[in-house]
Amino acid sequence: MWTIHCLPSSNNVAIGFDEATVVIKIGNEVPLVSYSNGKVIQISKGEIQTSNLKLLQGDSKEGEVVKPNVKDVGRTETYA
């Protein structure tokens with residue numbers, strides 16, 4: 001091994017050898033979230049979950065934490 005390098009905002013580590021370069025990912029995966037038209041899809045550690053923010057009833061104040069109804073959709077073997 002000749003060199004090792006990582007970026008402060010990433011959990012990727014690059015290692016340089018005579019024959020090749022290897023990049024590995026360490027630590028926990030950050031959940032991937034998508035929001036469109038009131039619907040949220042979250043993928044964390046292979047688990048896919050969805051929720052619909054339009055279905056929330058009642059008055060909520062700005063900055064208030066809301067707890068939507070989360071449904072499990074399935075599981076993926078590869079990271080999104």
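Things worth noting here:
- Across the chain, C-alpha contacts under 8 Å between residues 6 or more apart give a mean separation that, scaled by the residue count, equals a relative contact order of 19 percent.
- With loop membership from DSSP and a limit of 10 other Cβ atoms within 10 Å, the longest segment of the chain without trypsin sites (Lys or Arg not before Pro) is 1-44.
- Legend: calculated FRET efficiency, LYS61 to VAL40, from the Cβ-Cβ distance at R0 = 25 Å, rounded to 0.05, equals 0.80.
- Selection of GluC sites (Glu not before Pro), segment 1-75, meeting DSSP coil and at most 15 other Cβ within 10 Å: GLU19, GLU29, GLU62, GLU64
No value in this document is a laboratory result; all are computed from the given coordinates. If you're wondering where the values come from, they're calculated on a predicted model, not measured in any experiment. Neighbour counts are summed over all protein chains in view; Cβ atoms, including those assigned to glycine, are modelled from backbone coordinates with ideal geometry.
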